[in-house]
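Here's the structure we're looking at; comments come further down.
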Amino acid sequence: MSFPPHRLELRGITKRFPGCLANDQVDLVLRPGEIHALLGENGAGKSTLVKIIYGVLHADAGQIRWNGHDTHIPDPAGARRLGIGMVFQHFSLFDTLTVAENISLGLDQPGPMDPLSARIAEVSERYGLSLDPRRHVHTLSVGERQRVEIVRCLLQDPKLLIMDEPTSVLTPQEATRLFETLRRLAAEGCTILYISHKLEEIRALCDTATVLRGGRVVGSCDPRKETARSLAEMMIGTELSTPERLPQGEAGAPKLQVRHLSTTSDNPFSTNLKDVSFEVRAGEILGIAGVAGNGQAELMAALSGEALVPDPASVAIEGRPAGHLGPRERRLLGLAFVPEERLGRGAVPELSLSENALLSGYAREPLVRSGLVHFGRARSYAERIIGAFNVVTHGHRAEARSLSGGNLQKFIIGREILQKPRLLVVGQPTWGVDAGAAAAIHRALIDLARSGAAVLVISQDLDELFVLSDRIAVLFHGRLSESRPTHHTSVEEIGLLMGGLFNHPPDEDEE
Amino acid sequence: MTLLRLEARGEASRAMVYATPLLAVALTLASGFLLFWAMGFDPVKALHAFFIAPLMSLRGLGELAVKATPLVLCAIGLAIGFRANVWNIGAEGQLTLGAITGGGLALAFYGEGGWWLLPLMIVAGMAGGALWAAIPAFLRVRFNASEILTSLMLNYVALHLLNYLMHGPYRDPDGFAFPESRLFEADAVLPLLVAGTRVHLGSLFALLAVAAGWFLMARTFIGFQIKVIGLTPTAAGYAGFNQKKIIWMTLLLSGALAGLAGLGEVAGPIGQMNPTISPGYGYTAIIVAFLGRLHPVGILLAGFLMALSFIGGEAAQIALGLPKAITGVFQGMLLFFLLATDVLIRYRLRFGAKRAVVGRAAA
């Protein structure tokens, strides 16, 4: 061969799990120095494929060639020996250890700590990933934590770096810096396999894209020559309908008022809310942006009633102090609530859809009479939800865990909306949901607001917030910025706020 | 190349949930057959003596019901708690307390009883058991102390309390210092249900408990809350279910049922107070609860099965001269096979080498 061999070549990779074919005859070619996107909806088989490359899973059939040679990757250590590094979406770091200690734990031959710290400093300097090896991980931002994972890979001098949804936890500015690092690595000959479903960033970053659908390769393209819309349609295989944002109607009376809400927690790794104030009016959608871990979980708990707040007046629903009320009482005041975790909070995995309809429906729907469950009504309520929200399932008897993420989320959102709430609080409405379901969910939220309810959306997905919200505010380190009308702000401005640049000078004291 | 492999099922098999207890019984019988054969007994005859002969007389059937009664009463209460992740290991102590409080009334009103005494004893027995279970409930709700440890330790406290009472206040004044009470008078003894047996009113209570336990779990909103809390506590928090209330409720309920079981023993087959009221019914009930899949009807069947292992063990000792340990061996095999076959709920057995199967693509 006259030109250099491919870095990695996959031929006919097939992997089967009970009841599903996760990868079906997948071919993939990665060249040295290219940034290659792996695109696909949830369940398309992206994760399975990269786990096979990284040696976490083994293919049932197919060949792997590395630098032109047939190879077998027995486990992640074997992958690292070949020069394959991977940065996972969920970090595996110990909060109470330092950066250097964490990196040392992840290396196959760590060596003594001092030279390691020096190498960490050197590598992070060279790739523009500023990182202090002596800092404890719990003091780092999410973006910095990701740098720890990247530096850990870079220390092994990788020839192929796999990045799994790296920007889902980053602000737009942090993402831009990450892209610079990745471009520099690619220029040095390192191949980057980049997994994402954010189409704009793939168009900005990647040279080639391979699209997976239903476990198969359905196409490859140069993403710079495609539009986000054409990429999305390749991913889902049909034409995409995006909800239009209608001009906002008259904003009505405040349905939710939060006044000077502060929380304290015994858990040193939770984020306390500090003097959070905002209101949501009838007919509008307020979006709260922010990188995960800046107080979203605490705010959700304080709003749902899962955590009570000391001053009842700091959370008012329909003008009534509600801070001392539990979830059931708040529901009776008109609140409905969609938590961020679908399985395990919003739904009980092992129970049927009728039983899951009862889970939150008992408060506002006539499903319980004198202590007895009216199973017939729970069933017809579940069937109403399934019908109205096009939930794909084999019926109300299906266990919640048998539904795909998007269908379960449609069911949960439907369950809340059909209770005709006057106020709906939603966390991460379309996280990990396929594009078709996401569009349906967005439409339902907009329709609910237009019908006169107040809707609060807490999300890390800026694109989503710009589609949905009438106003956007940002949560950072437990503080909430002023909200601004969506059409008077930009992704850049919100991104700066997500990085903590509020208008007023930030005060450094933590309490 | 393996000839036999386990393959994960896509979802848990409901059929196997019900089939594995039967499979475990079959495997136990098969192993028993081999065991007896290896020991030089006629296995058919031995198994007949163990499992069939006790059931061939009215009296034997009656004994089966008498032994199953406290097991079922305790296990119904425990299972409801277990469903909610409330691990009450203290049924033995709660049973003892029920005997102490209910039986104490029989002694306190000795010679001055009436029709009202027995109902009062029943209420007192249930209250005693519930009160004993209230201690771990309070410690769990107030201090987050593990009810597994506190309820277990209280078993020993209850036993010592009983011993103290039997050597002191409860002792028969005319009993030559033996640690036994006076025999209860007729007003303080549960009426027999079937002539020629020792089956007493307590067995009816056990059947009622089975029905009520089923109704609670299958039909009421409390039962639904118990299920959700046990499966996914965070979802229960989201729904607004009060977990502390459920902890109190399940512990008090299982305590009351265990207390009723204890009262049923002293006011039933025993007929007096003595220091050995229970041969470990409260502990065996834990096995019964799991063998019965925490389902009331399953528990009823499992209660009879465990009762049969007690009675069959005794019969085998008498008929074949086998050691007392034979009861434990059979109970142990049963549990072992149940746990082993439970793997079939999530996995299926495949014979032969791996082969490719065409399935549907990922959703």
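Miscellaneous remarks
- Near pairs, Cβ below 6 angstrom, 6+ apart or cross-chain, from segment A:275-304 (free of Cβ contacts under 8 Å to residues at least 40 places away in the same chain and in the same structural domain as A:Leu456 (by TED's automatic domain parsing)) to any residue that is aliphatic (A, V, I, L, M) and outside any helix (DSSP H, G or I): A:Ala301/A:Ala307
- Residue, farthest from the chain's Cα centre (by Cα), within segment B:216-257, restricted to residues that are surrounded by fewer than 19 Cβ atoms within 10 Å (Cβ to Cβ) and either of a type in the set (Asp, Glu) or not in a helix (DSSP H, G or I) (or both): B:Asn242
- Highlighted here are the helices (runs of 4 or more DSSP H) found entirely within segment B:77-180 that include at least 3 residues which are free of Cβ contacts under 8 Å to residues at least 24 places away in the same chain and surrounded by fewer than 16 Cβ atoms within 10 Å (Cβ to Cβ): B:117-143, B:147-167.
- Residue count for segment A:327-348 under the criterion of being within 7 Å of chain B (Cβ to nearest Cβ), in a loop (DSSP other than H, G, I, E, B) and either among the hydroxyl-bearing types (Ser, Thr, Tyr) or within 19 Å of B:Gly230 (Cβ to Cβ) (or both): the result is 4.
- When residues of segment A:274-326 are limited to those that are among the small types (Gly, Ala, Ser) and farther than 28 Å from B:Ala236 by Cβ, the one nearest to the chain's Cα centre (by Cα): A:Ala289
- Boolean, A:Gly414 is under 30 Å from A:Ile288 (Cα atoms), more than 11 Å from every other protein chain (Cβ to nearest Cβ), modelled with pLDDT of 90 or more and in a helix (DSSP H, G or I): yes
- Residue match in segment B:6-16 (condition: assigned to a helix (DSSP H, G or I), under 30 Å from B:Ala267 (Cα atoms) and either at pLDDT 95 or above or more than 14 Å from chain A (Cβ to nearest Cβ) (or both)): no
Rundown of residues vs (1) surrounded by fewer than 20 Cβ atoms within 10 Å (Cβ to Cβ); (2) away from chain B (no Cβ under 12 Å), yes/no style:
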{"residue": "A:Asn23", "(1), (2)": "no, no"}
{"residue": "A:Val29", "(1), (2)": "yes, yes"}
{"residue": "A:Gly33", "(1), (2)": "yes, yes"}
{"residue": "A:Ala37", "(1), (2)": "no, yes"}
{"residue": "A:Gly40", "(1), (2)": "no, no"}
{"residue": "A:Lys46", "(1), (2)": "no, no"}
{"residue": "A:Val50", "(1), (2)": "no, yes"}
{"residue": "A:Ile53", "(1), (2)": "no, yes"}
{"residue": "A:His58", "(1), (2)": "yes, yes"}
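- Residue within segment A:337-349 that is in contact with a Pro (Cβ under 9 Å, 6 or more places away or on another chain), modelled with pLDDT of 95 or more and aromatic (Phe, Trp, Tyr) present: yes
- Of everything in segment A:375-406 that is buried (at least 18 other Cβ atoms within 10 Å of the Cβ) and in a loop (DSSP other than H, G, I, E, B), the residue that is farthest from the other protein chains (Cβ to nearest Cβ) is A:Phe389.
- A:Leu303 at pLDDT below 90 and within 14 Å of chain B (Cβ to nearest Cβ): no
- Taken together, A:Arg342, A:Arg328, A:Arg364 contain a single residue that is in contact (Cβ under 8 Å) with a residue 60 or more places away in the chain and charged (D, E, K, R), which is A:Arg342.
- Qualifying residue in segment A:427-438 (condition: touching a Leu at 6+ places or on another chain (Cβ under 9 Å), modelled with pLDDT of 85 or more and of a type in the set (A, V, I, L, M)): no
- Members of segment A:356-365 found to be at the interface with chain B (Cβ under 7 Å from one of its Cβ atoms) and either part of a strand (DSSP E or B) or under 27 Å from the mean Cα position of the chain (by Cα) (or both), listed by number: A:Leu359, A:Ser360
- Selection count where residues are more than 17 Å from A:Ile120 (Cβ to Cβ) and either outside the structural domain of A:Trp66 (by TED's automatic domain parsing) or part of a helix (DSSP H, G or I) (or both), scope segment A:147-188: 18
- Residue within segment A:65-85 that is within 14 Å of another protein chain (Cβ to nearest Cβ), closer than 26 Å to A:Gly432 by Cα and modelled with pLDDT of 90 or more present: no
- Out of A:Gly106, A:Gly33, A:Gly40, sole residue that is out of contact with any Pro (no Cβ under 7 Å at 6 or more places or on another chain), within 29 Å of A:Ala292 (Cα to Cα) and either touching a residue at least 60 places away in the same chain (Cβ under 8 Å) or not assigned by TED's automatic domain parsing to the domain that holds A:Arg119 (or both): A:Gly40
- Comparison of A:Gly405, A:Gly371 shows that the only residue that is at pLDDT below 95, out of contact with any Pro (no Cβ under 9 Å at 6 or more places or on another chain) and within 28 Å of A:Met234 (Cα to Cα) is A:Gly405.
The values are calculated or read from the model by the stated rules, or taken from the named source; none is laboratory data. No experiment lies behind these values; they were computed from the predicted model shown. Reconstructed Cβ throughout: ideal geometry from the backbone, glycine too, with neighbour counts over all protein chains shown.
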